[in-house]
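Below is one structure, written out as structure tokens; comments come after it.
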Amino acid sequence: MLELMYILAGLVCICSGFYAFFDSQNPRRIGNGIFWNLFGGILIFGPHIHPAFVGAILMLMGVLTAKKFVGFGTLKEASQEYRNQKSLLIGKKIFIPALALGVIAFGIAQFTQLGGLVGLGIASVIALGLSLFYTREKVTLVPYESSRILQQMGPAVILPQLLGTLGALFSQSGVGKTIANFMGSLFPQGHPLLGVALYCVSMALFTMVMGNAFAAFAVITIGIGLPFVIALGGDPVIVGALGLSAGYCGTLMTPMAANFNIVPAMILEMKNKNGVILEQIPVAIALLLTHIGLMYILAF
Amino acid sequence: MELIGVVIIVVGFALKFDTIAIVLCAGIATGIATKMDLLGILTFLGEAFVDTRYMSLFLLTLGVIGILERNGLRETSARLIGGIQRATSGKVLSIYVFARMVFSALSLMVQGHIQFVRPLIYPMARGASELKEKEEEKLKGLCNANDNYGNFFGQNLFIASPGVLLIVGTLQEAGIRVDPYSIAMASAPIAFFALCYALLQNYLFDQRVKQ
């Protein structure tokens, strides 16, 4: 069942790849096309091809993005006029499929044995049916629209999966142990509150340096979260969930996260390009302290 | 020596090199540092990448979002938010941060700053109160800040958000099995606090403007 979901997800990528190939206005159409088709191919055929070959494909994808052969797509959205018109015609019913997506996925995860991921797949299919019903659009538009959004999101879409992969390699190579030993020589292990504070603050600081909480999470959780918090009996669900969002507190305070802090300041023509960060700092610090408190109370 | 990968990640991200290439380089360097051969590294990376495919299942939701956007999802939302009468700047922001969080929890919005803040929220908040020049700059900062609060702390409420799946995957690679649903639930308390702090900050802004 889950494999079927991967095939669908792979088809989304492959569609995107074909649209990218024929996107004549995009100077990077060839690179884009190859990139999305390769990714789709891995999603569909991954378990049936030799893992070393998958690894080699990943390297090829890395070379494509490093050489700037892959970029954002230029697939056009429907005109403003069309959207206004449809918005007036459909009205608030447009939210029904949107809500259905979340509610059905939630319901399947909560009340059946299928699990959250299969639930998401089923919810997506039902929500898609509902959205076509309420909007009276043709099915043939679905691949185009999903490709448009995927290309708008760009190649960074594969980043979570890639970071998960790197995390696995780090675990296997003992990177976590080394960081843990180093931190252990600086801080005493075995105190839950100290461990929680160390983990949350490290997440925020590493995120500030890297500008990306996802990348920090893979490193800091293995190096600090596991030995300093989870090993003492902290509930991994709580620790993981709050660990990542502790990183978001760092995102709020760093110019390295330019997409969230610097570009928006330019969009609103602010005089101080760090003006967004200045407003966010008090809230981010309050939230970071709240993270430490919540994690300590809820996980132990 | 095995920390070389961590160093590459930190330096590479900080210098804004291509993210995908950095992660792959860090992987290869770590593998070499721990005396794996090239074929072994590729095999390991390939295997782990196939094992973590579920992190990309959010791809399934893109079709729905695309169709809804095409049919005026943003325009309808804008009319709903714009229909609020007699609001102050802070109240406009507070309503927006709540809406943004809900949208984010339904995985519906990709870029709030461009799609909502600039065309709708800032003009509304700006028009709702008499502001001095210094306060105007502060309001701009707050508009963007509220988008970030709602987006960051709402997104992990969705069971298939990339963040939730990253948590599941990272723990799984460390030998701990957790399911995405419970991660999403565990993200609720902090979302609540984030919302409270945002509302407080917006309220304080209104008080300051009043004086």
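Any read-out appearing in this document is the output of simple, stated calculations on the displayed coordinates, not a laboratory observation. Predicted model, so just to flag it, every value in this text is computed and none were measured. Cβ sites come from the backbone with ideal geometry, for glycine too, and all protein chains shown count toward neighbours.
Details
- The stretch A:150-227: relative contact order in percent, alpha carbon pairs under 8 Å with at least 6 residues between: 42
- Overall dimensions of the stretch A:184-300, expressed as equivalent-ellipsoid semi-axes from the Cα gyration tensor (√(5λ), whole Å, largest first), are 29, 13, 11.
- Helix-only arithmetic for the protein assembly as shown: the sum of -39500 (n - 2.57) across DSSP H runs with n ≥ 4, divided by the residue total, places the mean residue ellipticity at 222 nm at -23500 deg cm²/dmol.
- Scattering profile of the protein assembly as shown at q = 0.11 Å⁻¹ [log10 I(q)/I(0), Debye over alpha-carbon scatterers]: -0.95
- As a ratio to 2.2 N^0.38 Å, the alpha-carbon radius of gyration computed for the stretch A:1-119 takes the value 1.38.
- Nearest 10 degrees, 0 to 90: helix B:188-210 Cα axis against chain B principal axis: 30
- When only alpha carbons are used to place a centre, the stretch A:46-92 and the stretch A:1-35 end up 6 Å from one another.
- Inter-chain Cβ neighbour count for A:126-139, averaged per residue, equals 4 (cutoff 10 Å, partner chain atoms only).
- Chain A - convex hull of alpha carbons, volume per residue in Å³: 186
- Among A:10-21, A:159-170, the order from most to least packed when residues are scored by Cβ within 10 Å on average: A:159-170, A:10-21
- Zero-based 10 Å bins, Cα pair distances in the stretch B:43-162, whole percents: 13, 37, 27, 14, 7, 2, 0
- Pairwise FRET efficiency - B:Ile114 versus A:Lys273, Cβ, R0 = 22 Å, nearest 0.05: 0.85
- The calculated FRET efficiency for A:Lys68 paired with A:Thr140, based on their beta-carbon distance and R0 = 25 Å, is about 0.20.
- Relative contact order (%) - the stretch A:177-294, alpha-carbon pairs under 8 angstrom, separation at least six: 29
- The Kirkwood hydrodynamic radius of chain B, based on inverse pair distances between different Cα atoms, is 20.0 Å.
- Listed by chain and number, the aspartates and glutamates whose alpha-carbon sits under 15 Å from that of A:Lys93, ignoring those within fewer than 8 places in the same chain, are A:Glu137, B:Glu69, B:Glu75.
- Inter-chain Cβ neighbour average for residues B:186-198, partner chain, 10 Å: 5
- Sum of side-chain charges, A:Gly31 neighbourhood, beta-carbon under 13 Å (Lys, Arg +1; Asp, Glu -1): +2
- Relative contact order (percent, whole number), chain B, Cα cutoff 8 Å, 6+ residue spacing: 21
- For the pair A:Val125 and A:Asn259, a Förster radius of 22 Å applied to the C-beta separation gives a FRET efficiency near 0.10, rounded to the nearest 0.05.
- Peptide-level mean, for A:170-183, of C-beta atoms on other protein chains within 10 Å: 4
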